[in-house]
Amino acid sequence: MLPVRRSTVDSANADFVEDDARRNETNTAWIGRHRADDPGFAQAGDVVLLGGASLADFRLRIAQSHARDDLTPSYWSLVGVIRPDGRMLTAPLWPLTSPERIPVTNGIRSLALSRFANPRTWPNIAVIRFPGTQQDPVECINRLASQRSIVDIPSLVLPWLGFVWGSGASGNPLLNGFGIPSAVLVETAFGLAEVELTPGLATASSCPEAIYQAAKWWHLYYQESAGVADGATHHPVGRFVLRQREASYREPAGGI
């Protein structure tokens, strides 16, 4: 089992709101709609959680069931941080980059948010702002691209690719202390910025589900860590859409 510490609060974070997407609304349109109402929404430094519907995403979501009390699949399979230009920094398993680029990027990619616009491919999305950063998380990720001594993303990508592909005797890497690469990247960056992103789980086993749980259930922890009254907002704030609560997948295309 995955060693997970549970929050002691009884009620979920009221400032992390589940939202309803409009009919045929893309993820980028959903972000744009809330930005129009709140210019501070989905800005640089905010965390983006995504839950995909590919077979590979399905396997990642199933793997994270150990981070949930009911052992149901996670809603999430990827996490990143928004850059000032609106792109997202992450460490994806796919699309695969050129092998010669891995050593100079530490497996980190800058991807346009429009790549994740299709709600059929990416049915679940969340945007979260975590409080108390002492450094810019984007700059911290940029530094990690050339500092594999702090976190070695390729060493995490390999076991997860083996798991997703069913290669050899690959078991669930999360149970062996190998966190999902994108989550380990983001948590390490926020750690450099002096913010604990997953109070209930060790960084080495970080996963998108743990970040979601932190935003939803650990709000009192952030208040107490900052030493501020509960009336002052010093906890995660954001929104999320769950179009696919039960993990499912689209059949992969056949052929060579």
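Answer yes or no: is there a residue in region 114-135 that is loosely packed, with under 14 Cβ neighbours inside 10 Å and in a helix (DSSP H, G or I).
Yes.
Go through the residues of region 88-99 one by one and say whether even a single one is at pLDDT 95 or above, within 20 Å of residue 239 (Cβ to Cβ) and in contact with a Leu (Cβ under 7 Å, 6 or more places away or on another chain).
Scanning region 88-99, I find at least one residue that is at pLDDT 95 or above, within 20 Å of residue 239 (Cβ to Cβ) and in contact with a Leu (Cβ under 7 Å, 6 or more places away or on another chain), so the answer is yes.
So which residues in region 103-113 are over 16 Å from the mean Cα position of the chain (by Cα), buried (at least 16 other Cβ atoms within 10 Å of the Cβ) and not in a loop (DSSP other than H, G, I, E, B), if there are any at all?
Within region 103-113, 105 is the sole residue that qualifies.
State which residue pairs qualify: first residue closer than 18 Å to residue 234 by Cα and inside region 1-13, second residue outside any loop (DSSP other than H, G, I, E, B) and among the hydroxyl-bearing types (Ser, Thr, Tyr) in any location, beta carbons under 8 Å apart, and separation of 6 or more residues or different chains.
From region 1-13, the pairs are 7/221.
Just checking, does region 78-97 include any residue being among the acidic types (Asp, Glu) and either within 16 Å of the chain's Cα centre (by Cα) or over 20 Å from residue 186 (Cα atoms) (or both)?
no
Go over the candidates 169, 247, 214 one by one and state the one that is assigned to a loop (DSSP other than H, G, I, E, B) and either on the phi > 0 side of the Ramachandran plot or surrounded by 20 or more Cβ atoms within 10 Å (Cβ to Cβ) (or both).
Criteria check complete, one pass: 247.
Taking region 14-46 as the region of interest, how many residues are without any contact (Cβ under 8 Å) to a residue 60 or more places away in the chain and of a type in the set (Phe, Trp, Tyr)?
The qualifying residues number 0.
Residues are listed down the side, and each one gets a yes or a no for (1) in a helix (DSSP H, G or I); (2) within 14 Å of the chain's Cα centre (by Cα):
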site	(1), (2)
179	no, yes
184	yes, yes
190	yes, yes
199	no, no
221	yes, no
235	no, no
238	no, yes
251	no, no
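In region 4-24, what count of residues is obtained for those that are surrounded by 17 or more Cβ atoms within 10 Å (Cβ to Cβ) and under 17 Å from residue 123 (Cα atoms)?
Going through region 4-24 one residue at a time, the tally reaches 1.
Given the condition acidic (Asp, Glu), modelled with pLDDT of 95 or more and in contact with a helix residue (DSSP H, G or I) (Cβ under 9 Å, 6 or more places away or on another chain), answer yes or no: does some residue in region 194-201 qualify?
no
Are any residues in region 1-35 modelled with pLDDT of 90 or more, among the β-branched types (Val, Ile, Thr) and either in a loop (DSSP other than H, G, I, E, B) or more than 19 Å from the chain's Cα centre (by Cα) (or both), and if so, which ones?
Scanning region 1-35 gives 9, 26.
For region 45-67, state whether one or more residues are part of a loop (DSSP other than H, G, I, E, B), buried (at least 21 other Cβ atoms within 10 Å of the Cβ) and in contact with a helix residue (DSSP H, G or I) (Cβ under 7 Å, 6 or more places away or on another chain).
Within region 45-67 (the criterion being part of a loop (DSSP other than H, G, I, E, B), buried (at least 21 other Cβ atoms within 10 Å of the Cβ) and in contact with a helix residue (DSSP H, G or I) (Cβ under 7 Å, 6 or more places away or on another chain)), the answer is no, since none of the residues qualifies.
Would you pick out the residues in region 56-84 that are touching a residue at least 12 places away in the same chain (Cβ under 8 Å), hydrophobic (A, V, I, L, M, F, W, C) and more than 17 Å from residue 216 (Cβ to Cβ)?
Those that are touching a residue at least 12 places away in the same chain (Cβ under 8 Å), hydrophobic (A, V, I, L, M, F, W, C) and more than 17 Å from residue 216 (Cβ to Cβ): 56, 58, 60, 62, 63, 78, 81, 82.
Look through 164, 157 and report the one residue that is closer than 24 Å to residue 245 by Cβ, in contact (Cβ under 8 Å) with a residue 12 or more places away in the chain and not in a loop (DSSP other than H, G, I, E, B).
None of the other options fit; the residue is 164.
From 208, 181, grab the single residue that is within 22 Å of residue 2 (Cβ to Cβ), at pLDDT 90 or above and in contact with a Phe, Trp or Tyr (Cβ under 6 Å, 6 or more places away or on another chain).
208
Return the pair list, or none, for Cβ contacts closer than 7 Å from residues in region 238-256 that are under 22 Å from residue 14 (Cβ atoms) to residues that are surrounded by 10 or more Cβ atoms within 10 Å (Cβ to Cβ) and of a type in the set (Val, Ile, Thr), at least 6 apart or on different chains.
Pairs that qualify, where the first residue is under 22 Å from residue 14 (Cβ atoms) and the partner is surrounded by 10 or more Cβ atoms within 10 Å (Cβ to Cβ) and of a type in the set (Val, Ile, Thr), are 238/127; 238/128; 239/17; 239/127; 240/125; 241/125.
The values are calculated or read from the model by the stated rules, or taken from the named source; none is laboratory data. Note that the coordinates shown come from a computational prediction; the quantities given were computed from them, not determined experimentally. With ideal geometry, Cβ positions are generated from the backbone for all residues, glycine too; neighbour counts draw on all protein chains shown.
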